[in-house]
Amino acid sequence: MQPAGAVANVQAIAVPPVHHRTYIHVSGAGGRGHCRGDATLAPVAQGLGRVLVVDDDEVIRQLIAVNLTLEGFDVATAVDGQDCLDKVIAIDPDVITLDIMMPRLDGWMTASLLQRNPQTSTIKVVLITARAQEDDKVRGRQIGVDAYLTKPFDPSEMIRVVRELAGHPPVADAG
């Protein structure tokens with residue numbers, strides 16, 4: 001049994017009908033969107049900004065993407081650090097969620113390279129990782145990441161952090 005709030009506890013939620021269409025990243029040629037280059041995204045109605053979700057675990061990547069899409073963000077995904085660097089200029093995200101332990105190029109090096117590149121150095125980066133040691137958090141601050149969340153994470157906390165980094169106030173609880 002997973003602890004309460006663990007990522008593995010995914011529950012279906014009822015979403016009220018809306019009078020707009022929500023779009024997420026469209027793979028392959030022929031998609032229509034508002035990205036530079038050949039990446040394709042179309043904005044959602046709320047227009048909270050664009051997020052690039054980078055994680056090698058497909059379940060985690062999709063969990064983050066779905067939660068952010070439902071919140072009103074445009075979301076694109078990357079499977080590792082190299083994929084992130086290959087896509088980041090075309091996608092032009094406001095925020096990147098970044099795992100640390102990934103193949104090809106880990107999150108540490110990816111965040112460092114993003115910070116060193118004048119075209120990407122202003123993008124807000126939140127590390128979302130299983131690495132919970134204080135040394136890891138310190139290393140993240142030294143690299144220049146903007147936030148650090150540990151897995152398992154509370155999706156509402158992740159949304160709050162991404163909203164804040166994208167320059168949007170938190171949403172008041174409806175309870």
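Where a number appears in this text, it was derived from the coordinates with a stated rule and is not lab data. Since this is a predicted model, take the numbers as computed values, not measurements. Every residue, glycine among them, receives a Cβ derived from its backbone with ideal geometry; neighbour counts consider all protein chains shown.
Key figures for this structure:
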{"item": "Given (1) in contact with a helix residue (DSSP H, G or I) (Cβ under 7 Å, 6 or more places away or on another chain); (2) surrounded by fewer than 16 Cβ atoms within 10 Å (Cβ to Cβ); (3) of a type in the set (S, T, N, Q), index of the condition residue 129 fails", "result": "(2)"}
{"item": "Matching residues, segment 107-125, being in contact with an Asp or Glu (Cβ under 7 Å, 6 or more places away or on another chain) and crowded, with 24+ Cβ neighbours inside 10 Å", "result": "107, 125"}
{"item": "Breaking point among (1) surrounded by 14 or more Cβ atoms within 10 Å (Cβ to Cβ); (2) closer than 19 Å to residue 85 by Cα; (3) in contact with an Asp or Glu (Cβ under 8 Å, 6 or more places away or on another chain), for residue 146", "result": "(3)"}
{"item": "Answer from 61, 104 - the residue that is surrounded by fewer than 22 Cβ atoms within 10 Å (Cβ to Cβ) and either more than 11 Å from the chain's Cα centre (by Cα) or not in a helix (DSSP H, G or I) (or both)", "result": "104"}
{"item": "Among (1) surrounded by fewer than 19 Cβ atoms within 10 Å (Cβ to Cβ); (2) farther than 15 Å from residue 100 by Cβ, the one test that residue 162 misses", "result": "(1)"}
{"item": "Selection within segment 62-93 - in contact with a Pro (Cβ under 9 Å, 6 or more places away or on another chain), within 20 Å of residue 129 (Cβ to Cβ) and of a type in the set (Asp, Glu)", "result": "80"}
{"item": "Subset of segment 64-100 (residues that are more than 19 Å from residue 168 (Cβ to Cβ) and in a strand (DSSP E or B))", "result": "77, 78, 98"}
{"item": "Residue match in segment 117-125 (condition: under 21 Å from residue 63 (Cβ atoms) and not acidic (Asp, Glu))", "result": "yes"}
